[in-house]
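Shown next, in structure tokens, is the structure this report addresses.
The values are calculated or read from the model by the stated rules, or taken from the named source; none is laboratory data. Not measured: the values here are computed from a predicted model. A quick note on method: Cβ atoms are made from the backbone with ideal geometry, for glycine too, and the neighbour counts reach across all protein chains shown.
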Amino acid sequence: MNLDREHLQDAVQQGLLSEQQAVRLWQFLSDRGQDTPSFRFTHILYYLGGMLAIGAMSLFMTLGWERFGGWGLFAIAVTYAGAGLWLTEYFLNRRGLPIPAGITAAFVVALTPLAVYGLQIALGWWPEGAVFRSYHTRIDWRWLFMEFATLASGVIMLWRYRLPFLVMPVAVTLWYMSMDLTPFLAGDAGMVWELRKLVSLWFGLLMVLLAFWVDIRTRSAKDYAFWLYLFGATAFWGGLSMMNSDSELGKFLYLCINLVMIMVGAVLSRRVFAVFGGLGAAGYLGHLAYDVFEDSVLFPFALTAIGLGVIYAGIVWQRHEATITHALRGLLPAPLAALIERRH
């Protein structure tokens, strides 16, 4: 539940709080919220500036930087990383600003691929014409050296600083790795596309399970699992959706998996599952409307009835939510029940 000033004013009008208590409580909550990522203007500026800096050294790297050569790129990456480490220490220990510190720490991790690439170029490991910007647009097993190094630096930085935003470059790297592993594993070039879908699905599922484990183990208010959930769900759902099946049973199974994703999103309060699950369910209904029941008159009526039935189920759930929730949580393992209680 999101608490705002209107809730406190309602509590004052009902005699639950005095006006002075409401003001002090709101000030207390606002002060605590300064260090929790949210959609406020200050945080937007933080993340916008951080993503511009990270993007400049990764996604938006121009071809002109190749003129610096391998050792030049390596030296630039190390110098920028040193500056990023200094800023992280400054923001975190001197200014008490964990969000900017997390962004500058992630900036350091994001520089790892550039440093490794520069070192590889200097040692002659890449053929003539290779460019760093292809790291984000082309799949190649040789990127794996950069990805393993990035994972290692991300783990070290997470161990040192315990800042949730550091999980972002780690999650992105895991996502890249799932794609770059495919040509390395595939012996037959004709099988690469099919294998890529399988690798994406299973790698995404493993990333989601890792995020779930992180979620259960986390006891603080910091959300370390968010980025793992985001990229894990993206890889899993993308691989699943690309697996075209000629059987209606396979397509129905696809619908069921997407409905499970919606349920998981509701239980864990993770919107990413609900969004992807909703897209998948809508895609299946589109298949029914345009392919299976293309000439049917009754299909829209049946679908409307199902929709109204779902709404009625929501009303029944709301009436008995406390009882049903208490009974269901009693069947769950204690760590999972504690996670759901914390997330809600």
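Take the range 283-314 and flag every residue that is loosely packed, with under 12 Cβ neighbours inside 10 Å, more than 31 Å from the chain's Cα centre (by Cα) and not aliphatic (A, V, I, L, M). Passing the criteria: Y290, D291, E294, D295, P300, F301, T304, G309, Y312. Within the range 280-313, the set of residues being within 17 Å of I262 (Cα to Cα) and in contact (Cβ under 8 Å) with a residue 12 or more places away in the chain comprises G280, A281, G283, Y284, L285. Just one residue in the set V199, V260 is assigned to a helix (DSSP H, G or I), modelled with pLDDT under 85 and over 17 Å from the mean Cα position of the chain (by Cα); that residue is V199.
Selection within the range 54-94: residues that are outside any helix (DSSP H, G or I) and not hydrophobic (A, V, I, L, M, F, W, C). The member of this set that is surrounded by the most Cβ atoms within 10 Å (Cβ to Cβ) is S58.
Conditions (1) surrounded by fewer than 22 Cβ atoms within 10 Å (Cβ to Cβ); (2) among the aromatic types (F, W, Y), marked per residue:
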{"residue": "G96", "(1), (2)": "yes, no"}
{"residue": "I103", "(1), (2)": "no, no"}
{"residue": "V108", "(1), (2)": "no, no"}
{"residue": "I121", "(1), (2)": "yes, no"}
{"residue": "W126", "(1), (2)": "yes, yes"}
{"residue": "H136", "(1), (2)": "yes, no"}
{"residue": "I139", "(1), (2)": "yes, no"}
{"residue": "T150", "(1), (2)": "no, no"}
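Return the residue satisfying two criteria in turn: it lies in the range 91-114 and is out of contact with any helix residue (DSSP H, G or I) (no Cβ under 8 Å at 6 or more places or on another chain) and not charged (D, E, K, R), and of such residues it is modelled with the highest pLDDT. The residue in question is N93.
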